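The values are calculated or read from the model by the stated rules, or taken from the named source; none is laboratory data. Given the structure is predicted, the values throughout are model-derived calculations rather than measurements. Here the Cβ is made from the backbone with ideal geometry for all residues, glycine too, and neighbour counts use every protein chain on show. Accessible surface is based on the protein model in full, side chains and every heavy atom, while ligands, DNA and RNA are left aside. Shrake-Rupley method; radii C 1.70, N 1.55, O 1.52, S 1.80 Å.
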Amino acid sequence: MIRYAAAAAAVAALAAAAAAGAATPPQGYQSDANFAASFAGNGVQAVDATAQQTSCYTPETPYFDALTAADGYLDGGMSPCKGAATTGEDLGPYATQDRTAANPMRVKDHSESDIRVDPANPSHLIGQSKWVVSAEGYNHLLGFYESFDGGLTWPVQGHVPGYEGWTDNTDPVGAFDPYGNFYSLVLPYQFSYSNSGRHAYSNGSNQINPALPPEVVSMAVRKAGGGVNGWITTHNGRPDYLMTADNAATNDPDKQWIAIDTNPASPHYGRVYAMWTIFVKNPAIIYESHADAHPDGTHTDWTAPQILPTVSGKRWDTYLLPHVAPDGTVWTTTTNNPQKQDFSHASISLIWSKDGGATWQGPLPVIASVNVPTYQNTTFREGIVNTFAVGTKKVGKYYPLYVSYEDGASGLSNVYLTASYDNGRTWSAPIQVNDNEGPTEALQPNLNVAPSGTVSVAFYDRRLACPGSGTSEASGAGIAFDPMSPYGAANYCVNTAIQFYRPSLTPIGHNVRLSGHTWDPQLSAPHQGCITCTGTFIGDYFGVDSGGGATYTTSVSTFNDGANPFFHQQQVVARIGTP
């Protein structure tokens, strides 16, 4: 294992520079007017994907308490389906549930997301998000939406089946194997609702469904061409668990992620890598397991989970983001975010495997200290602090490695980007990604490297003020239904943005707006703690991927473009040509 402390000083100065506020973005600043016009100027196509179908399912644990229109929830509460479903999915009850009555509820909100382009067919995409039947109760399963025409239409949608017996399953992330099958790494967990609406995590016979483990990390595989119900959720006749938790309070798995080796020249072509964190009271322990995909959608046995290397004496690592280089090397960053500092500072490291996950090396330091931001003027929480990607073409002798992260040292969240061109031994000075002129926030960065080598950082952007009173945009954004009435408010409403770079991190133009409309993050926002808790949610991350000469994002919007009259959280898929 490489000693972290010896190398940390080499990047501490870079971290200090970023924490103090980086210099002008290398592309320079951009006026708000130019940013607003960049959506049309760059030919962005954006479609309200999840509003194209109506999905319903029977939840294990219904929750009927509701917030009102005066609270910003025009369609509040859990709503019976009543024949509204258009997806053709199984409405329940389900084999894993311990209740027998069908009780389908309408999916309303779609928070947090991931998107993947099929490497064998760039017109074929699958997105995933939390499929929410009650924003107030944070009651959701994972759902998916599929396009066959490059993101213009999304005819196949529904919840990911097989794990309906848990109260929730969460953290959408997936990947295509080389054969067109889609792997979704699922995190199901159980809780019940206390009289106050809080989530109660019980174990054994006291839990809501005692026939199932309290929490698991598990796999669902959608066979190529399988339709809405064509999923495999068993392996050798048993549930496809990678691990199970014996209780939900002191042995809590979270932050799972996946990568599949689709590089034909790799010695581990078709290998599926799964990673996750287990929070055991105070420390956090990170794990990896892998299997090999078969063309028919099955796979070999998962290897025994192995503990991954971390910084000595600092066992609070999470946010594993694996990617596979064209030569088969598996790389991931790990993020150390200790509780003893009230999660206010994070350090980012790098680990890797050159033998198909059998052994792991590292960590090497990337950034020694990130000031984890607290977002202003909102109740939604900070998400995953950093993102990671691997270059698709060598720069010099090595495939480049890229890390982007959000930092709040200035009092507002900004997004930074750094790269390594020597397998992580040294990193470039961080550059600021967001090019807003005024003091507003950029948050939740997401990295992608296109097959051509073009690098992109997608992020949520708050530079455009909320629409003013009396405008059609204010009506579409539902500003009148936000209890704060934020007409014209600065650093409040949200857009999605992207910045492109050459592999050398030379910027290609300015930030581009990927949202056709500015939207209000307070409307219909899920309450992840309880109905009376103040904290809300737009997701901890959102999806970005590329293929066929285009880059795609899937991100939240509550704007009513005619298909969203109750201002629900919908997933809008944007498509832009990759420069």
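Taking the criterion of being open to solvent by less than 10 Å² (accessible area, probe 1.4 Å) and of a type in the set (A, V, I, L, M), the residues of the stretch 513-552 that qualify are Leu514, Leu523, Ala525, Ile538, Ala550.
Could you say which residue among Ile286, Ile278 is within 24 Å of the chain's Cα centre (by Cα), open to solvent by less than 10 Å² (accessible area, probe 1.4 Å) and not charged (D, E, K, R)? First the steps, then the outcome.
Values: Ile278 fails: open to solvent by less than 10 Å² (accessible area, probe 1.4 Å).
The conditions single out Ile286.
Identify, please: which residue in the stretch 297-330 is among the β-branched types (Val, Ile, Thr) and over 24 Å from the mean Cα position of the chain (by Cα) and is, among those, farthest from Arg271 (Cα to Cα)? Among them, the one singled out is Val311.
Identification of strands (runs of 3 or more DSSP E) wholly contained in the stretch 143-197 with 3 or more residues that are of a type outside the set (Asp, Glu) yields 156-159, 174-176, 182-189. Regarding Asp301, is this residue in a loop (DSSP other than H, G, I, E, B) and surrounded by fewer than 22 Cβ atoms within 10 Å (Cβ to Cβ)? The answer is yes for Asp301.
Considering only the stretch 379-391, state which residues are open to solvent by 50 Å² or more (accessible area, probe 1.4 Å) and of a type in the set (Val, Ile, Thr). First the steps, then the outcome.
Of all residues in the stretch 379-391, those open to solvent by 50 Å² or more (accessible area, probe 1.4 Å) come to 379, 381.
Within the stretch 379-391, Thr379 is the sole residue that qualifies.
Taking the numbered list (1) open to solvent by 40 Å² or more (accessible area, probe 1.4 Å); (2) more than 21 Å from Ala291 (Cβ to Cβ); (3) modelled with pLDDT of 95 or more in turn, Val228 passes all entries but (1). Number of residues in the stretch 232-256 that are modelled with pLDDT under 90, under 22 Å from the mean Cα position of the chain (by Cα) and either small (Gly, Ala, Ser) or more than 26 Å from Asn206 (Cα to Cα) (or both) equals 0. Within the stretch 54-65, the set of residues being open to solvent by less than 50 Å² (accessible area, probe 1.4 Å) and either of a type in the set (D, E, K, R) or over 22 Å from Ser194 (Cα atoms) (or both) comprises Thr54, Ser55, Cys56, Tyr57, Glu60.
Residue by residue, here is whether (1) touching a residue at least 12 places away in the same chain (Cβ under 8 Å); (2) surrounded by fewer than 17 Cβ atoms within 10 Å (Cβ to Cβ); (3) aromatic (Phe, Trp, Tyr) holds:
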position: His199; (1), (2), (3): yes, no, no
position: Ser205; (1), (2), (3): no, yes, no
position: Ala211; (1), (2), (3): yes, yes, no
position: Val217; (1), (2), (3): yes, no, no
position: Gly237; (1), (2), (3): no, yes, no
position: Asp240; (1), (2), (3): yes, no, no
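Grab the strands (runs of 3 or more DSSP E) fully contained in the stretch 312-423, keeping just those with 1 or more residues being modelled with pLDDT of 95 or more and farther than 29 Å from Ala23 by Cβ. The strands (runs of 3 or more DSSP E) meeting that bar are 330-336, 345-353, 361-371. The residue list Tyr163, Tyr138 contains one member that is under 17 Å from the mean Cα position of the chain (by Cα) and not aliphatic (A, V, I, L, M), which is Tyr138.
Are any residues in the stretch 452-475 more than 26 Å from the chain's Cα centre (by Cα) and under 23 Å from Gln570 (Cβ atoms), and if so, which ones?
Those that are more than 26 Å from the chain's Cα centre (by Cα) and under 23 Å from Gln570 (Cβ atoms): Pro467, Thr471, Ser472, Glu473, Ala474, Ser475.
From the list Trp302, Trp316, the one residue that fits, being closer than 27 Å to Pro119 by Cβ and among the aromatic types (Phe, Trp, Tyr), is Trp302. Val372: on the phi < 0 side of the Ramachandran plot, open to solvent by 20 Å² or more (accessible area, probe 1.4 Å) and either in contact (Cβ under 8 Å) with a residue 24 or more places away in the chain or not aromatic (Phe, Trp, Tyr) (or both), yes or no? Answer is yes for this residue.
This table checks each residue for (1) in contact with a Leu (Cβ under 7 Å, 6 or more places away or on another chain); (2) of a type outside the set (Val, Ile, Thr); (3) surrounded by fewer than 22 Cβ atoms within 10 Å (Cβ to Cβ); (4) free of Cβ contacts under 8 Å to residues at least 24 places away in the same chain.
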{"site": "Asn377", "(1), (2), (3), (4)": "no, yes, yes, no"}
{"site": "Tyr398", "(1), (2), (3), (4)": "no, yes, yes, no"}
{"site": "Ser404", "(1), (2), (3), (4)": "yes, yes, no, no"}
{"site": "Ala409", "(1), (2), (3), (4)": "no, yes, yes, no"}
{"site": "Asp435", "(1), (2), (3), (4)": "no, yes, no, no"}
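Of all the residues in the stretch 195-245, those that are within 30 Å of Val156 (Cα to Cα) and among the hydroxyl-bearing types (Ser, Thr, Tyr) number 4. Screening Trp257 on (1) open to solvent by 30 Å² or more (accessible area, probe 1.4 Å); (2) among the hydrophobic types (A, V, I, L, M, F, W, C); (3) in a loop (DSSP other than H, G, I, E, B) shows it passes everything except condition (3).
Look through Ile367, Ile307 and report the one residue that is open to solvent by 30 Å² or more (accessible area, probe 1.4 Å) and either within 21 Å of Val433 (Cα to Cα) or of a type in the set (A, V, I, L, M, F, W, C) (or both). Walk me through how you get there before you give the answer.
Values: Ile367 fails: open to solvent by 30 Å² or more (accessible area, probe 1.4 Å).
Among Ile367, Ile307, only Ile307 is open to solvent by 30 Å² or more (accessible area, probe 1.4 Å) and either within 21 Å of Val433 (Cα to Cα) or of a type in the set (A, V, I, L, M, F, W, C) (or both).
If you go through the stretch 411-433 and keep only what is open to solvent by less than 10 Å² (accessible area, probe 1.4 Å), under 20 Å from the mean Cα position of the chain (by Cα) and of a type outside the set (Ser, Thr, Tyr), you end up with Val415, Leu417, Val433.
Would you confirm whether any residue within the stretch 19-27 is in contact with a His (Cβ under 6 Å, 6 or more places away or on another chain) and at pLDDT 95 or above?
If we filter the stretch 19-27 for residues that are in contact with a His (Cβ under 6 Å, 6 or more places away or on another chain), which is where we start, we get 27.
Pick out the ones that are also at pLDDT 95 or above and you get 27.
Within the stretch 19-27 (the criterion being in contact with a His (Cβ under 6 Å, 6 or more places away or on another chain) and at pLDDT 95 or above), the answer is yes, since at least one residue qualifies.
Checked against the criterion of being surrounded by fewer than 24 Cβ atoms within 10 Å (Cβ to Cβ) and aliphatic (A, V, I, L, M), the candidates Ala101, Ala135 yield just one match: Ala101. Filter the stretch 66-98 down to residues that are open to solvent by 30 Å² or more (accessible area, probe 1.4 Å) and over 29 Å from Ala480 (Cβ atoms), then give me how many there are. Counting residues in the stretch 66-98 that are open to solvent by 30 Å² or more (accessible area, probe 1.4 Å) and over 29 Å from Ala480 (Cβ atoms) gives 10. State whether one or more residues within the stretch 138-149 are more than 22 Å from Val117 (Cβ to Cβ), modelled with pLDDT of 95 or more, open to solvent by 10 Å² or more (accessible area, probe 1.4 Å) and out of contact with any His (no Cβ under 7 Å at 6 or more places or on another chain). For the stretch 138-149, residues more than 22 Å from Val117 (Cβ to Cβ), modelled with pLDDT of 95 or more, open to solvent by 10 Å² or more (accessible area, probe 1.4 Å) and out of contact with any His (no Cβ under 7 Å at 6 or more places or on another chain): absent.
Please specify each residue of the stretch 152-179 satisfying the condition of being among the small types (Gly, Ala, Ser) and either free of Cβ contacts under 8 Å to residues at least 12 places away in the same chain or open to solvent by less than 10 Å² (accessible area, probe 1.4 Å) (or both). Quick ask: steps written out before the conclusion?
If we filter the stretch 152-179 for residues that are among the small types (Gly, Ala, Ser), which is where we start, we get 158, 162, 165, 174-175.
Gly158, Gly165, Gly174, Ala175, listed by residue number.
One residue is enough: does the stretch 112-124 have a residue meeting the conditions among the basic types (Lys, Arg), touching a Ser or Thr at 6+ places or on another chain (Cβ under 9 Å), open to solvent by less than 50 Å² (accessible area, probe 1.4 Å) and at pLDDT 95 or above? No, every residue in the stretch 112-124 fails to be among the basic types (Lys, Arg), touching a Ser or Thr at 6+ places or on another chain (Cβ under 9 Å), open to solvent by less than 50 Å² (accessible area, probe 1.4 Å) and at pLDDT 95 or above.
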